[in-house]
Structures are given as C-alpha cells and as structure tokens.
Amino acid sequence: MPNPFSDACYPYHGGMHRSSAAAFLLCLSICACRGAGVGRDEGPAASSSGMRLQHVVLVDLADDADIAAMRADSDRMLPGIPSVRRYVCGTPFETGRPNVAKDYDLGIVVEFDSPDDYKAYLEHPVHVELVRTWKPRWRRSYIVDFAP
C-alpha cells in the first residue's frame, strides 16, 4: 500500500496560479491564527521551540455533490485529533478579484504546536481514514505546510 502522506499522493495538477494560491493560503492561515475555526484555547505554543505549523489543503472534488459531505466529515473528524491546535474548513468566498483562486471546493487549515504534533496528526487513524475515504474523490489538491 502506498504511503498516503507522500508527495506523490498529493499532486497538484494545474489550474490554480501559484500567486493566487499563495495569497489564498496566506489569508486562510491568518484566519486560522486569529481564532477562526475550532481549536484549543490560545496560549503559548506547547513546544519548547515555540514553532507553530500550518497545514493548508485546497481540494477540488471530482463531483460537486460531495462538497457538503467532505466538509461535514472533516468538521466532525479533524478537530478531535489531540495534536490539532486549531482547525478551520470553508468554501471559496467570492471577492470579485480576478487574481484570487476560485478553482477549488474546500479549503482546510490545521495548526499544530510542533513538528511532532504534525507528525502525530499525519499518522493518527482518524486522519488516515479521512484521507483514505476522500482522496479517491479528489480531482486535484494543493497542499502547503509552513511555519509562520
């Protein structure tokens, strides 16, 4: 069985301009850091390094009829993973700006206190099950991990 967390499992197959994706990812991350979504109470980072990590996923589903179900599963499953500090999931917001990405169905931002927390999330059975269930229904995805 292939590793569901390898780069090969999360290819980006065109469609979104890098600058649009970067701007969108930055906006999503700012919202996540400012308290939008679900997560633990604010306070100092749990890691001794003080490093927080952002995991940003943009998904374009093969069938638009699956959007609500994937969002519901993500909302139900991901916030309960112990290493998740903050979670937010949403759909595109029309700004009227031509340079803002619109070619995705769901945006997910998950924040972690440390690289160890991120690794625990990737390996957690709930995350593995969500990826195993929904990845076959993705047309494409764009995933960025960064430390603010």
Among Phe112, Pro148, His124, the residue whose Cα sits farthest towards the positive end of the charge dipole of segment 101-148, when +1 is placed on the Cβ of each Lys and Arg and -1 on the Cβ of each Asp and Glu, is His124
The simple spin-label model distance between Ala68 and Lys102, using points 7 Å out along Cα→Cβ, in nm, is 2.3 nm
Rounded to a whole number, the Stokes-Einstein D of segment 54-122 in µm²/s (Kirkwood radius over Cα pairs; 10 °C; 1.306 mPa s) is 121 µm²/s
Full extension between Thr95 and Asp145 adds, at 0.36 nm per residue less the Cα distance, a length in nm of 15.5 nm
Of the residues Pro82, Gly96, Pro136, the Cα lying farthest along the dipole of segment 58-148 towards its positive end, which is defined by charges on the beta carbon of Lys, Arg, Asp and Glu, belongs to Gly96
By Cβ neighbour count within 10 Å, fewest first, Asp103, Asp116 rank Asp116, Asp103
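Values quoted throughout were computed directly from the atomic coordinates according to the rules given, and no laboratory measurement underlies them. The shown structure was predicted, so the numbers you read here are calculated from the model rather than taken from an experiment. Because the Cβ atoms are built from the backbone with ideal geometry, glycine has one as well, and the counts that use them run over all protein chains shown.
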